[in-house]
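Notes to accompany the following structure.
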Amino acid sequence: MAQPDNARIAQVFDAMADRYDSQIGVVERRLLGRPRQWAVEQARGRVLDIAVGTGLNLPLYGPDVTEVLGVDLSEGMLRLARRRIEEYGLDHCAVVRGDVQSLSVPDTSVDTVLSTLTFCTIPDPESAAREAMRVLVPGGKVVLAEHGPSTSRAVTAAMRVLEPVSIRFGADHLTRDPVVYLQRAGFVIDEVRRTGFAGVGIRVVAHSPS
Ligand SMILES: C[S@@+](CC[C@H](N)C(=O)[O-])C[C@H]1O[C@@H](n2cnc3c(N)ncnc32)[C@H](O)[C@@H]1O
């Protein structure tokens, strides 16, 4: 089936932006075991939040984070992220429109690349992983909190049945395993943990070789 391209993804998330926070909140609580707080707690120094969406992570970063740049394709999502930055007075955070498969960020300029619930949507996740490797300092950390195939074969089979619909209407590849793309990009995997309903949540910490 046709895979959504960047234009289609921007269209899907522009249309979804106003209801995104409440919808994703239910998914996080009921299915994924509240991954967001865990992810931001792993971040240090200069952070690149890839496919930042409405910026739900931004107010959660702790004092070990010095600056955050969020990048996303969808102006609708970014509008809400900008509003959140203003509302919370997050002077150390900024968001820009861009493609995480081809970033306008200098080489070796970031300490942590963080992604929450994005590898399922990015058209070419291997390019995004290679870009993460390029922008990270040697030994820099990548933190992912995603969903993927369940630890139960029956649940994965059900997800595969639903997947064509979720790709078509939500640009969401339900059973995509993000770890493969990090490995192909050369990351050293430090930790992979399955969480939430039937292990559909995936938490990953990895680093670029020093
Ligand atoms: C499910 S949302 C996740 C948003 C946010 N990370 C969060 O945790 O709520 C997926 C986001 O990925 C963005 N996205 C998908 N492909 C992208 C790309 N190639 N470059 C930048 N953003 C992308 C979409 O616009 C959307 O905002």
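Please treat every number below as a calculation from the coordinates, not as lab data. Since we're looking at a predicted model, the values are computed, not measured. Neighbour counts are summed over all protein chains in view; Cβ atoms, including those assigned to glycine, are modelled from backbone coordinates with ideal geometry.
If the elastic network links every pair of Cα atoms under 10 Å, which of His147, His173, His92 fluctuates the most in the Gaussian network model of the chain? Comparing His147, His173, His92 in a Gaussian network model of the chain, the most mobile one is His92. Projected label points at Asp18 and Arg194, each 7 Å from Cα along the beta carbon direction, are separated by 4.0 nanometres.
Less than 5 angstrom separates the built amide H of Gly70 from those of Asp49, Ala94, Val95, Val96, all sequence-distant by 5 or more or on a different chain.
Overall, the anisotropy analysis places the chain in the rounded class: the square-rooted eigenvalues a ≥ b ≥ c of its C-alpha gyration tensor yield a/c less than 1.5.
Taking only the Cα atoms of the range 19-71, the radius of gyration and Dmax are 11.6, 32 Å. Evaluate the distance, in nm, between pseudo-label points positioned 7 Å from the Cα of Arg168 and of Leu60 along their respective Cα→Cβ axes. If labels sit at Arg168 and Leu60, their model points lie 3.2 nm apart.
Remark: C-alpha extents of the range 101-208 on the principal axes read 41, 27, 19 Å, sorted largest to smallest.
The label point for Asp107 and the one for Arg79, both projected 7 Å from the Cα toward the Cβ, are 3.9 nm apart.
Contact order normalised by length for the range 76-210, with contacts defined as Cα pairs under 8 Å and 6 or more residues apart; what percent is it? Let's see the in-between values first.
Values: 229 pairs, mean separation 33.7, N = 135.
This gives 25 percent for the range 76-210.
Could you work out [θ]222 nm for the chain from helices alone, using -39500 (n - 2.57) per DSSP H run of at least four and dividing by all its residues? Round to the nearest 500 deg cm²/dmol.
Numbers: 6 runs with 79 residues, N = 210.
So the calculated ellipticity at 222 nm is -12000 deg cm²/dmol.
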